[in-house]
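A.B. asks: Below are the structure tokens for one structure; questions will follow.
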Amino acid sequence: MEFFDVVQSRHSIRSFVDKPVEPEKLRQLLETANRAPSAGNLQAYEIYVVCDPERRAALARASLGQGYVASAPVALVFCANPNRSATRYGERGVRLYAVQDATIACTYAMLAATALGLASVWIGAFSDQQVWQAIGSPEGLEPVAILSVGYPGEEREPSRRRPLDTIAHYLD
């Protein structure tokens, strides 16, 4: 797929068919996330790949009962690693750059999923503590996004977007 086609085709899908994601597609998706830009090229994030149904069910519970987290064959948990960013950027790295790094990587993964014929949905509403318990995350990491990935079980119409002239502000 051409880049602009990928961007136009990407939609949040909350229904997935019962079909595993092929390991080579998952690897390609993760390699794409690994190519995401990051502050100082520190890549101040970690990605937890959750394929185990029990752990995905725990993530669904942690996500305020969003059941599609459990129904997708893969959940990717993107965690900021503030300590990694702090080595170069101090408090701003802790507070902002590590979170930005994780979200950019998640965005790359989401677009890669679309390019590979997969569907995804970004989950941002969850209990940090319950996510940590579900993935066994080491101390010091901050979960910032869960990306559920699989083959689409529904087709979606494009979402309405704000008019560009209400978003882009030209300063002359």
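The values are calculated or read from the model by the stated rules, or taken from the named source; none is laboratory data. Please read all numbers here as calculations on a predicted model, not as lab measurements. Virtual Cβ from ideal backbone geometry, glycine too; neighbours counted across all protein chains shown.
A.B. asks: From the list 75, 70, 102, which residue is in a helix (DSSP H, G or I) and either touching a Lys or Arg at 6+ places or on another chain (Cβ under 9 Å) or hydroxyl-bearing (Ser, Thr, Tyr) (or both)?
C.D. replies: On the way: 75 fails: in a helix (DSSP H, G or I); 102 fails: either touching a Lys or Arg at 6+ places or on another chain (Cβ under 9 Å) or hydroxyl-bearing (Ser, Thr, Tyr) (or both).
Result: 70 is the single residue among 75, 70, 102 that is in a helix (DSSP H, G or I) and either touching a Lys or Arg at 6+ places or on another chain (Cβ under 9 Å) or hydroxyl-bearing (Ser, Thr, Tyr) (or both).
A.B. asks: Please count how many residues of segment 9-53 are part of a helix (DSSP H, G or I) and of a type in the set (A, V, I, L, M).
C.D. replies: Keep residues of segment 9-53 that are part of a helix (DSSP H, G or I), which gives 9, 23-34, 39-41, 53.
Next, only the ones that are of a type in the set (A, V, I, L, M) stay: 26, 29-30, 33, 39.
Qualifying residue count for the region: 5.
A.B. asks: Only residues that are in a loop (DSSP other than H, G, I, E, B) and either touching a strand residue (DSSP E or B) at 6+ places or on another chain (Cβ under 7 Å) or of a type in the set (Lys, Arg) (or both): list them for segment 128-171, please.
C.D. replies: Passing the criteria: 137, 141, 151, 153, 156, 160, 161, 162.
A.B. asks: Now, a different point. Under 7 Å by Cβ, and 6 or more places apart or on different chains, what pairs join a residue from segment 11-25 that is more than 9 Å from residue 156 (Cβ to Cβ) with one that is modelled with pLDDT under 95 and outside any helix (DSSP H, G or I)?
C.D. replies: Short answer, once both residue conditions are applied: 15/153; 15/154; 16/153; 17/153.
A.B. asks: Within segment 61-111, track down each residue that is surrounded by fewer than 23 Cβ atoms within 10 Å (Cβ to Cβ), in contact (Cβ under 8 Å) with a residue 60 or more places away in the chain, within 22 Å of residue 29 (Cα to Cα) and not polar (S, T, N, Q).
C.D. replies: Scanning segment 61-111 gives 68, 73, 74, 104, 108, 111.
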